[in-house]
Amino acid sequence: MIRRALTKHPSMAVVGEGNDGGQASALVELHRPDVVIMDVQMPGTDGIQATRGLKDAHPEVVVIAHSSDPSAETSMLAAGATTFVVKGDVYELLRAIAHATETK
């Protein structure tokens, strides 16, 4: 659903999708995206650890935390995420991406 919404937006392109934090980091190294949408709960390296490592290696990349667990917001922001969006509202996610890239 997210991929479909993003690919319909004329100024956004999906350059990769990972299933865990390690894949997310490798994809950032490969594609150098402006924005990463990071889930909090993933197998292996979770989104908090992945965000921390990603921001250490690539501070210019905007990380948008995306989770069904609102209690993870504080941890994700502390790890370096720019904002937190609760899963389920694709339009809020699109707004967060647009806002993050405008202020970058």
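Worth pointing out:
- Distance in nm between pseudo-label sites at residue 95 and residue 27 (7 Å out along the Cβ direction from Cα): 2.5
- Here the alpha carbons of the chain define both size measures, Rg and Dmax, at 12.4, 33 Å.
- Alpha-carbon centroid distance for the pair the stretch 60-84 / the stretch 86-103, whole angstrom: 12
- Distance in nm between pseudo-label sites at residue 34 and residue 102 (7 Å out along the Cβ direction from Cα): 1.3
- Taking each residue as 0.36 nm, the span from residue 19 to residue 57 lengthens on full extension beyond its C-alpha to C-alpha distance by 11.7 nm.
- Note on the stretch 1-98: with charges restricted to the Cβ of Lys and Arg (+1) and Asp and Glu (-1), its dipole about the Cα centre is near 300 debye.
Bear in mind that the values in this text are calculations on the coordinates, not laboratory data. On a predicted model such as this, the values are computed, not experimentally measured, just so you know. Cβ sites come from the backbone with ideal geometry, for glycine too, and all protein chains shown count toward neighbours.
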